[in-house]
1. Calculate for the chain the 222 nm mean residue ellipticity that helices alone would give, adding -39,500 (n - 2.57) per DSSP H run of length 4 or more and normalising by residue count, nearest 500 deg cm²/dmol.
2. Putting +1 on Lys and Arg Cβ atoms and -1 on Asp and Glu Cβ atoms, find which of 87, 76, 50 reaches farthest to the positive end of the dipole of region 49-102.
3. Can you tell me the length gained on complete extension of the stretch residue 141 to residue 174, counting 0.36 nm per residue apart and subtracting the Cα distance?
4. Return the subset of 45/189; 8/45; 30/170 for which the Cα-Cα distance in this structure is over 21 Å, preserving the input order.
5. A 26 angstrom limit on the alpha carbon distance is what I want to check against. Which of 18/154; 37/185; 132/173 exceed it?
6. Between residue 20 and residue 193, 0.36 nm times their residue separation minus their Cα-Cα distance comes to what?
7. What list do you get for 55, 78 if you sort them by fewest beta carbons within 10 Å?
8. Where the only charges are on Cβ atoms (+1 Lys, Arg; -1 Asp, Glu), what is the dipole of the chain about its Cα centre, to the nearest 20 debye?
Amino acid sequence: MQSELFQKISDYTKTVVKESRYEHSLRTAKTFADLCKNYGLPEEKAWIAGIAHDMCKDACDEELFSLAQKDGRGLSDMEKNMPFLLHGRAAAVLIQEKFGVTDGEIIDAIANHTSGSPSSCDFALLLFVADKIEPGRPQSTDEYRARLFSLPLKTCVLSVLEENIAYLEKKGKKIDPVTLELREKLREKVRSEEK
């Protein structure tokens, strides 16, 4: 049974995003909870972050700028030129303002689920993964997810991150420098864990 907070955020999200995005958010929340169970992290928090991660995805640019600027991080040139990248940061501010969420891991996860962050905790990194591998994604078969779940946490994140970067490069899309920083940090950690 889901918490009252999950239900409130779920009900709100359902009213502010298109139906397909809401369904994606539910699948992401379930996948995130499964990942957290697999790696010994808090499942209840995963449900909350997962359902909330895209609640600002359908917001207008002005709302994204207005909310995201409240987190005090400033805006990168890439975010100024591509405001949709701010939907996670905006949702992280909104979940605090509208629902009183103060948990740093939930806020970090939501704020950084789009590009990742080298300073993110393992919990936050797993939301990045869940968002990319939920069962509605075309590559995400049961076998694909089972293989990822069998990997050490940092190796799992690195595998999904590298796949995502390759996909963006193939499509001719710009890659956030923060994503590339995260990849380097994860490569170093995975190499040191393998020694």
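Every read-out reported here was derived from the displayed coordinates using simple, explicitly stated rules and does not represent laboratory data. Note that the coordinates shown come from a computational prediction; the quantities given were computed from them, not determined experimentally. Cβ sites come from the backbone with ideal geometry, for glycine too, and all protein chains shown count toward neighbours.
1. Taken over the chain, the calculation gives -21500 deg cm²/dmol.
2. Result: 50, furthest along the dipole toward the positive end.
3. Full extension from residue 141 to residue 174 adds 9.2 nm.
4. The pairs that break the limit, which is 21 Å between Cα atoms, are 45/189; 30/170.
5. Among 18/154; 37/185; 132/173, the Cα-Cα distance tops 26 Å for 18/154.
6. Result: 58.4 nm gained on full extension.
7. 78, 55
8. 400
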